[in-house]
Amino acid sequence: MEFGVYTLADIGQNPVNGYTPSVKERLDEVMQYGQLADEAGLHVFGVGEHHRLDYAVSAVPVVLSALSQRTKNIHLMSTTTVLSTVDPVRLYEDFATLDLLSNGRAEIVAGRGAFIESFPLFGYDVDNYDALFEENLALLLKLNKEERVTWSGQYRTSLQNADIAPRANREIPIHVGVGGTPESAIRAGRYGVGLNLAILGGDPNRFKHLVDVYREALQEAGHDDNTAKITVSGHAYFAESLAQAKEEFYPHYSNYWHYVNAQRGMRYHLSKEGFDNMTAGHNALFVGSPNEIIEKILMQHELFGHSRFMAQLDIGAVPFKQVAKSIELLGTHIMPAVNKALKE
């Protein structure tokens with residue numbers, strides 16, 4: 001199994017000391033996290049896209065290109081690109097450039113986004129939310145395969161034998177991000193791309209049907225099921241013991257859900273009892289010592305058969321040193337133990 005970490009570069013006030021980092025500080029941390037993940041031997045580092053003042057990254061290809069010059073082996077991925085509100089030609093050319101700069105390490109996770117600010121910002125109608133995604137995904141996949149493209153659609157100008165440059169030296173891996181919508185999982189299978197499954201809480205069994213319909217759609221569309229690429233991603237925090245992990249992470253996780261819900265105009269408080277339930281062995285939140293996390297990943301592997309695990313570690317203003325420790329534990333303890341168990 002491949003292992004990685006990703007960040008949305010959210011900017012929040014530390015609930016312990018009250019400090020709120022600047023955009024520059026968060027961008028510097030993202031650079032350092034990517035370098036640490038590369039040094040730890042992880043396979044993938046992802047950066048997400050938002051167009052809000054409480055997130056530090058809107059230009060994902062720019063950030064990943066900078067990181068490509070500071071890393072050697074780790075793949076660099078968008079998590080996610082808001083595909084409904086970006087021109088697929090511009091997106092492909094940006095990531096082809098990244099792929100060339102990084103010697104073949106670029107990947108794209110395309111999603112519809114949790115916020116809708118990018119629609120008015122870039123002149124799109126939110127009523128076309130799903131139709132834009134469908135059209136743009138089809139065009140992006142065509143661009144990924146053909147260096148000269150002829151194409152027509154509903155939402156952008158037509159292309160007539162258009163040069164698409166630069167070209168990556170390979171087809172860039174593309175995945176579709178899925179939070180809980182069967183239609184999105186079916187779409188990923190129909191197009192034969194990877195499925196990036198975001199499981200942010202609750203019983204993982206609730207998500208099994210998404211993997212099932214993805215595999216069914218792959219087969220119905222004539223794609224080889226052996227090429228299925230399933231990623232499980234989720235919130236995580238690792239420490240030497242479960243008690244330590246829960247004690248250190250709870251204030252930050254409660255803080256995270258407080259300000260994420262406030263961004264949507266809602267009030268929410270995560271109680272300690274609710275947090276304890278979320279971290280229980282049968283639930284999806286990846287919080288604990290390496291042993292608990294290894295067991296949880298292996299349990300979910302039996303359920304989903306996924307080939308990649310991605311952890312979001314730096315939410316709720318978790319201090320840099322604690323995020324760095326989680327990256328170290330993932331690379332030195334969790335990843336080798338899981339892969340050893342999968343080989344047995």
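Please go through segment 234-266 and give me each residue that is aromatic (F, W, Y) and free of Cβ contacts under 8 Å to residues at least 60 places away in the same chain, ordered by number.
Y250, W257
Put simply, of M299, M266 the only residue that is of a type in the set (A, V, I, L, M, F, W, C), surrounded by fewer than 14 Cβ atoms within 10 Å (Cβ to Cβ) and in contact with a Gly (Cβ under 9 Å, 6 or more places away or on another chain) is M299.
Pull up segment 151-174, narrow it to residues that are of a type in the set (V, I, T) and out of contact with any helix residue (DSSP H, G or I) (no Cβ under 6 Å at 6 or more places or on another chain), then point me to the one that is nearest to H75 (Cα to Cα). So, considering only residues that are of a type in the set (V, I, T) and out of contact with any helix residue (DSSP H, G or I) (no Cβ under 6 Å at 6 or more places or on another chain), the one nearest to H75 (Cα to Cα) is I174.
Scanning segment 135-149 for residues that are touching a helix residue (DSSP H, G or I) at 6+ places or on another chain (Cβ under 8 Å) and either surrounded by fewer than 18 Cβ atoms within 10 Å (Cβ to Cβ) or not in a helix (DSSP H, G or I) (or both) turns up A138, V149. I'd like to know if segment 310-317 contains one or more residues that are out of contact with any Phe, Trp or Tyr (no Cβ under 7 Å at 6 or more places or on another chain) and under 26 Å from P15 (Cβ atoms). Yes, there is a match, as at least one residue in segment 310-317 is out of contact with any Phe, Trp or Tyr (no Cβ under 7 Å at 6 or more places or on another chain) and under 26 Å from P15 (Cβ atoms).
Against the conditions (1) in contact with a helix residue (DSSP H, G or I) (Cβ under 6 Å, 6 or more places away or on another chain); (2) more than 30 Å from V260 (Cα to Cα); (3) surrounded by fewer than 21 Cβ atoms within 10 Å (Cβ to Cβ), V126 satisfies every one except (2).
Hey, among D99, D94, which residue is surrounded by 15 or more Cβ atoms within 10 Å (Cβ to Cβ) and in contact (Cβ under 8 Å) with a residue 60 or more places away in the chain?
D99
Counting only strands (runs of 3 or more DSSP E) that sit completely within segment 150-228, those holding 1 or more residues that are in contact with a Pro (Cβ under 8 Å, 6 or more places away or on another chain) and surrounded by 15 or more Cβ atoms within 10 Å (Cβ to Cβ) correspond to 194-198. Looking only at residues in segment 57-80 that are closer than 15 Å to L91 by Cβ and part of a strand (DSSP E or B), the one that is nearest to the chain's Cα centre (by Cα) is T79. Put simply, of A317, A341, A324, A337 the only residue that is at pLDDT 95 or above and on the phi > 0 side of the Ramachandran plot is A317.
The values are calculated or read from the model by the stated rules, or taken from the named source; none is laboratory data. All values derive from a computational prediction rather than experimental measurement. Neighbour counts are summed over all protein chains in view; Cβ atoms, including those assigned to glycine, are modelled from backbone coordinates with ideal geometry.
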